[in-house]
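In what follows, a structure is listed as structure tokens, so that the remarks can point back to it.
Only the coordinates and a few stated rules stand behind these numbers; no lab work does. Being a predicted model, the structure only gives us computed values, none of them experimental. Note that we place each Cβ from the backbone using ideal geometry, even for glycine, and neighbour counts take in every protein chain shown.
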Amino acid sequence: MTVQEALVGQIQISKVTLNGFKGIFDYNSGTMKNTQIQVVLKPSIDWWYGVCVDYLIDTYCVSDSGNEPLGSIDTGWSNLGDVSINGGKLSLDIAQTAFGPFVMTPSIGGENQGMTASSVQTAEVNMEDTRMSTGLPSVLGLDLPVPNPLGPQSVNVKRTQVARFQTEGIKVPPIAFKDIQAQDVKIDKAVSAGFEVSSTFTKSTDWADLGYVGFRLRVDITSRIKASNITMNGLSGDVQVQSALASGFDMSLTLNKVELKGLRINDFQIPTILVEV
């Protein structure tokens, strides 16, 4: 069986779920588009004091500690424009991710790239309205039904050609995949949607210990960065996925210039021969 061209229509998958997605990529460069930054500073003073007085029969101590805020400084959002990112590594470790609907239109075969099948198996093939010429003479110019005198026979078909075979609305049940690995994945460019990240940390000076009292300056710093998108150029690496589930397939299929050679049908029965007279 040969198929000169197979055209698979647009395939739509309603949902794809990936479990245990891991990927390690090297990238050449990156750009954060329309980047903005905000910094909020909250300084304060940590302090303590302690005094002890010795009596002949006892010791009396007084101590305390605390924090005294000194207000806050908010720089607001400052525009940084497009920020360049040097090359480095991008590591992805995601427990589960899902996306959909997912739409694609694949191309299979072509004029110089046919499809072949070593064998074809079918069941319950029905042939209706079959006409066969016979050597019986015409009778009174009438078409007369004549019972097949040959009984079950084997029929050999040297060649069968089908100009076009088309089906639409092919439904595929959910398909599960396990232990998916993709080696040496190369991506020219990857672009994310808009994003915003924040970080909070504390910086403080050393304690100034004056014997009975001590203090230090502490600053709580919160920084936020946001950009309209981030672009990574020249990614390459490996991807591993523990399992994947795709559901809701919808597709169509067209086969052009289908050719069957050497088709043999055993026990072919024709209950009636239609004779044209």
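Remarks
- Proximal lysines to Lys203, defined as alpha-carbon separation beneath 16 angstrom and excluding residues fewer than eight positions away on the same chain: Lys42
- Additional length obtainable on full extension of the chain from Asp238 to Lys178, 0.36 nm per residue less Cα span: 20.0 nm
- Whole-Hz Karplus values for the stretch 54-61 come out as 8, 9, 5, 10, 7, 10, 10, 10 Hz, taken residue by residue from phi with 6.51 cos²θ - 1.76 cosθ + 1.60 and θ = phi - 60°; glycine and proline positions read x.
- Under 18 Å from the Ser192 label point (7 Å along Cα→beta-carbon), backbone N, the stretch 86-101: 86-99
- Neighbours of Ser72 by Cβ distance under 14 Å: Lys/Arg scored +1, Asp/Glu scored -1, total -1.
- Asp82-Ala208 FRET efficiency (beta carbon distance; Förster radius 45 Å; 0.05 resolution): 0.55
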